[in-house]
1. Given the condition over 30 Å from H144 (Cβ atoms) and part of a helix (DSSP H, G or I), answer yes or no: does some residue in segment 4-18 qualify?
2. Test each condition in (1) touching a strand residue (DSSP E or B) at 6+ places or on another chain (Cβ under 9 Å); (2) modelled with pLDDT of 95 or more for E69 and report the one that comes out false.
3. Could you tell me whether any residue of segment 84-98 is within 26 Å of G174 (Cβ to Cβ), touching a Gly at 6+ places or on another chain (Cβ under 8 Å) and outside any helix (DSSP H, G or I)?
4. If you go through segment 19-33, how many residues are under 14 Å from I198 (Cβ atoms), buried (at least 16 other Cβ atoms within 10 Å of the Cβ) and either of a type outside the set (D, E, K, R) or assigned by TED's automatic domain parsing to the domain that holds I145 (or both)?
5. Quickly run through segment 158-181 and pick out the residues that are part of a helix (DSSP H, G or I), farther than 15 Å from V119 by Cα and in contact with a helix residue (DSSP H, G or I) (Cβ under 9 Å, 6 or more places away or on another chain).
6. Would you tally the residues in segment 100-140 being within 18 Å of Y196 (Cβ to Cβ), surrounded by 13 or more Cβ atoms within 10 Å (Cβ to Cβ) and over 13 Å from the mean Cα position of the chain (by Cα)?
7. With respect to S149, determine if the residue is under 14 Å from the mean Cα position of the chain (by Cα), surrounded by fewer than 16 Cβ atoms within 10 Å (Cβ to Cβ) and in contact (Cβ under 8 Å) with a residue 12 or more places away in the chain.
Amino acid sequence: MNIKVVAFDADDTLWVNEPYFRQSEERFCALLGEYASLHELERELLKIEIDNLALYGYGIKGFMLSMIETAMKVSGNTVSTEVIGQIIDLGKQMLNQPIELLEGVEHVLEQLKGKYRLVVATKGDLLDQERKLRKSGLIHHFHHIEVMSEKDDANYLKLIKHLDIKPDELLMIGNSLKSDVLPVLNIGGYAVHVPYHITWAHEQIEDKIDNERFKSAESITEVLELL
């Protein structure tokens, strides 16, 4: 490998994220329990979230709007303004969560800094991701921050063009096979999958990846052994 740039996903790769969505979803379902079963609420919320991605993109604000839309739909537009207010509060609580770094992240960044250009390549709400980076205390490690509307081949190609590197000079590290691995392999880059114990259903894939430029690691610290 002739790696020049090591890119890191942010949510559930550098810090905790998905558990906060799950906690808010559980509270949301409890609020709407009189209108539908837990399974029905989870299924409807996921469907509306995915349908809304083209409008709102990824992130907490879109999730909050999708919860409100779901509440209105399952209640036949009879849900109270009090419940709507509680759903908004759930979103605000998520936005104000402290940043909990995942184990080994700071050590890995310290070991790689100076040897490679380090970047963050993530998706979501720009304001929210910038806020989390500032609060994380990690921003000084990174040469560049890229917040994408979608992690697809085209946006990764834009990233390597901006960084003035060839595809095979990029190594991407992340917890999502769908977003952090497959598109990078598609354009000729290297990727390391570091799974997180919770993965959003929309990010899950069943395909087995067989590619010489792909590696899997149980923890982020194992990346140091692969470079």
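The values are calculated or read from the model by the stated rules, or taken from the named source; none is laboratory data. Not measured: the values here are computed from a predicted model. Neighbour counts are summed over all protein chains in view; Cβ atoms, including those assigned to glycine, are modelled from backbone coordinates with ideal geometry.
1. Our first condition is that a residue be over 30 Å from H144 (Cβ atoms); within segment 4-18, this holds for none.
No, segment 4-18 has no match at all.
2. (1)
3. no
4. We begin by selecting, within segment 19-33, every residue under 14 Å from I198 (Cβ atoms); these are 19-26.
Keeping just the survivors that are buried (at least 16 other Cβ atoms within 10 Å of the Cβ) gives 20-21, 24-25.
Cutting the leftovers down to either of a type outside the set (D, E, K, R) or assigned by TED's automatic domain parsing to the domain that holds I145 (or both) gives us 20-21, 24.
Number of matching residues: 3.
5. Taking segment 158-181 first, the residues part of a helix (DSSP H, G or I) are 158-163, 167-169, 177-181.
Subset that is farther than 15 Å from V119 by Cα: 168, 177-179, 181.
Across segment 158-181, the qualifying residues are L177, K178, S179.
6. Going through segment 100-140 one residue at a time, the tally reaches 9.
7. yes
Rundown of residues vs (1) within 14 Å of the chain's Cα centre (by Cα); (2) outside any helix (DSSP H, G or I), yes/no style:
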site: Y20; (1), (2): yes, no
site: S24; (1), (2): no, no
site: F28; (1), (2): no, no
site: E40; (1), (2): no, no
site: R43; (1), (2): no, no
site: I50; (1), (2): no, no
site: Y58; (1), (2): yes, yes
